[in-house]
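Colleague: I'd like to ask you about the structure that follows.
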Amino acid sequence: MIINRHRGEVLARLDGKEFRLCLTLGALAELEAAFAVDDIATLAERFSTGRLSSSDMLKLIAAGLRGAGHSLSNDEIAAMQADGGATGYARIVGELLTATFGNLEEPAAQDG
């Protein structure tokens with residue numbers, strides 16, 4: 001997996017093919033609706049717990065794929081296999097969240 005944090009993109013291998021994932025503003029709005037939260041800060045807080053279900057990971061990967069322009073349904077994405085199995089999915093999600101939000105476990109640096 002390759003990450004380009006400058007552009008907030010992640011390249012991941014699913015079903016033996018390389019896909020680009022990106023949590024665009026539209027993808028983040030999709031996630032706010034999917035997780036029934038009011039804002040990005042609450043969304044980031046939810047993800048910072050590190051406790052995500054498989055359906056949470058599916059929603060994140062699906063939003064990232066659609067944010068990068070892939071027209072795939074959740075059912076199509078759910079049927080895909082990641083290199084490394086469950087660990088591979090978790091790694092994709094972790095890299096995608098880091099590319100989008102930075103390190104969610106560390107407080108943001110304050111400019112002086």
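Each value in this text was obtained by applying a stated rule to the coordinates, not by laboratory testing. Keep in mind it's a predicted model, so treat the numbers as computed, not measured. Cβ sites come from the backbone with ideal geometry, for glycine too, and all protein chains shown count toward neighbours.
Colleague: For the range 66-75, in order, what is each residue's ³J(HN,Hα) by Karplus, 6.51 cos²θ - 1.76 cosθ + 1.60 with θ = phi - 60°, in whole Hz (x at glycine and Pro)?
Modeller: 5, x, 8, x, 7, 8, 10, 7, 4, 5
Colleague: Quickly work out the His70-to-Thr49 label distance, labels modelled 7 Å from Cα along the C-beta direction, and quote it in nm with one decimal.
Modeller: Each label point is offset 7 Å from its Cα along the Cβ direction, giving 2.7 nm.
Colleague: Next question. Could you rank the peptides 54-60, 72-78 by their average count of other C-beta atoms within 10 Å per residue, with the highest value first?
Modeller: 54-60, 72-78
Colleague: What Kirkwood hydrodynamic radius do you get for the chain when you take the inverse of the mean 1/r over all pairs of distinct Cα atoms, in Å?
Modeller: Taking the inverse mean of 1/r over all distinct Cα pairs, the chain comes out at 14.2 Å.
Colleague: Here is a follow-up. Hey, can you grab everything whose amide H is under 5 Å from the amide H of Leu14? Only 5+ residues off in sequence or another chain; H modelled, so Pro and N-termini drop out.
Modeller: Phe19
Colleague: So what J values fall out for the range 88-101 if you push phi through Karplus, 6.51 cos²θ - 1.76 cosθ + 1.60 with θ = phi - 60°, rounded to Hz, Gly and Pro as x?
Modeller: Working through the residues one at a time gives x, 4, 4, 5, 4, 4, x, 5, 5, 5, 5, 5, 8, 10 Hz.
Colleague: Within a Cβ distance under 14 Å of Arg13, other residues only, what is the Lys/Arg minus Asp/Glu net charge?
Modeller: On the way: positive: Lys17, Arg20, Arg91; negative: Asp15, Glu18, Asp83, Glu95.
Surrounding charge for Arg13 is -1.
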